[in-house]
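Below: the structure, in structure tokens.
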Amino acid sequence: MNMPDYPKVLFKNRKPNRIATLDEYRASGGYEATERFIGGRVSPKEVTRLVDESGLRGRGGAGFPAGKKWSAVADDAAFPRYLAANADEMEPGTFKDRVLIHADPHCIIEGMLLCGYAFSASKAFLFIRPSYDSSAAILEAELENARKAGYLGKNILGTDYSFDIIVHRSGGRYICGEGSALLNAIMGKRPNPTKPPPYPTEKGLWGRPTVVNNVETLANVPHILRNGPEWFKGIAPSSGGEGTKIYCISGKVNSPGAVELPMGTRLSEIIEEHCGGMPAGSEFKACLPGGASTQFMTPEHYDIRMDFGSLKTVGHRLGTAAIMVFDQKTCLVAATLNLMQFFARESCGWCTPCREGLPYMRDLLWKIEHGEGREEFIPLLKDMCKKVWNAYCALAPGAAEPVISLLTFFEDEVREHISRKGCPFHAQAGH
């Protein structure tokens, strides 16, 4: 198979079974942007302008323009200012941040440094979950190497700019990946979400201006500043999907994993060319295009471009670009139940729609899957999918997305479970 050969940006220094060293990162152009912009005393506003012009959007799920978020820190905002880099990554099927850390940690470190410079932050916290212990150890070691090289700490490159990064080893839980809950966790508070106003860029950590970005977002920054916004926009095949994207592919494909491709690469190409296709005897039934909190996407969109705009046009979300592939032999009721068990467990319990609604939906799905389902469960589930949108944060609405699409595109499959008083897929498999 002649696989399309696309230029690598974030993975260009990726090595088998080891990280890229500081020297290898520098040999590939690493820290050139730091020397040019910070060492050359270029205005921080110019850094923000170039990132905004590049069209870089958040890679953690929401897709908010990075430059606009940075510019939300007012010129007269209080000091000190902070950056929080999110590597919590507890969304099922999402593992891009871990792979990136284990491939080229210095592109994250330099990206955090340049972001901090853009809005005059003095300290950053890299928030990482407890099961990523090896990732945290890598970052701690490479941060020390960056300090020794003069890229972190006091008076970076002989300038008056000082900045340092601390690895914050989280106590865990999915809710900690939500921006405001993450900030509460760093401060040692219960990680419940909070609603703006004020926004974190006004009052975040300890009441000071704070920017929260995903680590993949930040890793793009050195490349944008070194090569220019037009270069970044030119990587993608269509507008509205600038740069590259790390797609995480799991499920019914021959070669699952994390692949870096131009933003907007077609789903069919990702599966067939970069993941070795589906196993013999498998046919594409559906996928979750952007992680566990997105809707099942059906075969009619098999050739869609995987970028923010293209998916939004057909009522879907790119999310984290974690593509979970299901074939015709997969029970989507069981798959949805599996996801709902996760979301119900991970609710922080702060608000009633999430705390009570998700276990209720999980129990209805469990009964349908295990032969205790009734027809009235279908309208009950549809009603609950609407009610959880009254939750305090996006966890519960996100959890409802697979359920909504199950009942929209695969209601016949749900009804078959009810009429046969059990899972037809288990019966086919001889269970």
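The values are calculated or read from the model by the stated rules, or taken from the named source; none is laboratory data. The structure presented is a predicted model; accordingly, all values stated were derived computationally and were not measured. Counting neighbours? That spans all protein chains shown, and the Cβs are built from the backbone with ideal geometry, glycine included. SASA here: full protein model, heavy atoms, side chains in, ligands and nucleic acids out. Shrake-Rupley method; radii C 1.70, N 1.55, O 1.52, S 1.80 Å.
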Quiz item: By DSSP, what percent of the beta bridges with both residues in the chain are antiparallel, rounded to the nearest 5?
Solution: 40
Quiz item: So what's the range 181-250 giving for Cα Rg divided by 2.2 N^0.38 Å, two decimals?
Solution: 1.50
Quiz prompt | Average Cα contact separation per residue, the range 28-137, under 8 Å, 6 or more apart, as relative contact order % | solution = 33
Quiz prompt | Unsatisfied cross-links (Cα-Cα over 23 Å) in the set LYS8/LYS154; LYS45/LYS233; LYS8/LYS45; LYS68/LYS123; LYS12/LYS233; LYS382/LYS421 | solution = LYS8/LYS154; LYS8/LYS45
Quiz item: Looking only at GLY67, GLY153, GLY264, which one moves most when the chain is put into a Gaussian network model with springs between Cα atoms under 10 Å?
Solution: GLY153
Quiz item: Taking the highest mean first, how do the peptides 154-164, 209-219, 399-409, 350-360 order by number of other beta carbon atoms within 10 angstrom per residue?
Solution: 209-219, 399-409, 350-360, 154-164
Quiz prompt | Cα-based shape type of the range 332-429, given that a ≥ b ≥ c are square roots of the gyration tensor eigenvalues and the cut on a/c is 1.5 | solution = prolate
Quiz item: Under unit Cβ charges (Lys, Arg +1; Asp, Glu -1), what dipole magnitude, rounded to 20 debye, does the chain have relative to its Cα centre?
Solution: 880
Quiz item: What is the calculated FRET efficiency for SER238 to ALA394, with r their C-beta to C-beta distance and R₀ = 25 Å, to the nearest 0.05?
Solution: 0.40
Self-check item: 3J(HN,Hα) from dihedral phi, the range 60-70, Karplus parametrisation 6.51/-1.76/1.60, rounded to Hz, x for glycine, proline
Solution: x, x, 7, x, 6, x, 5, x, 5, 5, 5
Quiz prompt | Distant-in-sequence amide H partners of LYS123 (H built 1.01 Å from N, under 5 Å) | solution = ARG81, LEU83, ASP164
Quiz item: If you wrap a convex hull around the Cα atoms of the range 22-233, how much volume per residue is inside, in Å³?
Solution: 112
Practice problem: Considering the options THR21, CYS176, MET187, tell which one lies farthest towards the positive end of the dipole of the chain, charges being +1 on Lys and Arg and -1 on Asp and Glu at the Cβ, about the Cα centre. | Solution: MET187
Quiz item: In the chain, what percent of the accessible surface is made up of carbon and sulfur (1.4 Å probe, ligands and nucleic acids excluded)?
Solution: 51
Practice problem: Could you check what % of the DSSP bridge pairs in the range 22-233 are antiparallel, to the nearest 5? | Solution: 10
Quiz prompt | Whole-number D in µm² s⁻¹ for the range 236-327, Kirkwood Cα-pair radius fed into Stokes-Einstein, 25 °C, 0.890 mPa s | solution = 193
Self-check item: Test item: Cα-centred dipole of the range 332-429, Lys/Arg +1 and Asp/Glu -1 on Cβ, debye
Solution: 180
Practice problem: From the P(r) of the range 1-90, can you give the percent of Cα pairs sitting at distances over 15 Å? | Solution: 76
Quiz item: In whole percent, what relative contact order does the range 236-327 give with Cα contacts below 8 Å and a gap of six or more residues?
Solution: 34
Quiz item: Dipole of the chain (Lys/Arg Cβ +1, Asp/Glu Cβ -1, origin at the Cα centre): which of TYR161, LEU113, ALA66 lies farthest to the positive side?
Solution: TYR161
Quiz item: Using Cα pairs under 8 angstrom and six or more residues apart, how large is the relative contact order of the chain, in percent?
Solution: 16
Quiz item: Considering only Cα-Cα distances, which of the following residue pairs are longer than 18 Å: LYS15/LYS96; LYS252/LYS285; LYS96/LYS312?
Solution: LYS96/LYS312
Exercise. Please calculate how many Å² of accessible area the chain carries per residue, with a 1.4 Å probe and no DNA, RNA or ligand atoms counted.
Key: 40
Quiz item: Put +1 on the Cβ of every Lys and Arg and -1 on every Asp and Glu Cβ in the range 349-390; which of CYS385, GLY371, GLY349 then has its Cα farthest towards the positive end of the dipole?
Solution: GLY349
Practice problem: Return the percentage of antiparallel bridges among DSSP beta bridges fully within the range 185-326, rounded to the nearest 5 %. | Solution: 75
Quiz item: For the range 117-189, what is the convex hull (Cα atoms) projected area averaged across all directions, in square nanometres?
Solution: 5.5
Quiz item: If you wrap a convex hull around the C-alpha atoms of the range 207-366 and split its volume per residue, what is the figure in Å³?
Solution: 145
Quiz item: How many percent of the alpha carbon pairs in the range 139-286 exceed a separation of 23 Å?
Solution: 61
Practice problem: Specify the inter-centroid distance of the range 217-274 and the range 297-340, based on alpha-carbon positions, in whole Å. | Solution: 17
Exercise. Under 20 Å Cα to Cα from LYS148, which aspartates and glutamates show up? Leave out anything in the same chain fewer than 8 places away.
Key: ASP23, GLU24, GLU32, GLU35, ASP104, GLU110, GLU140, ASP160, ASP164
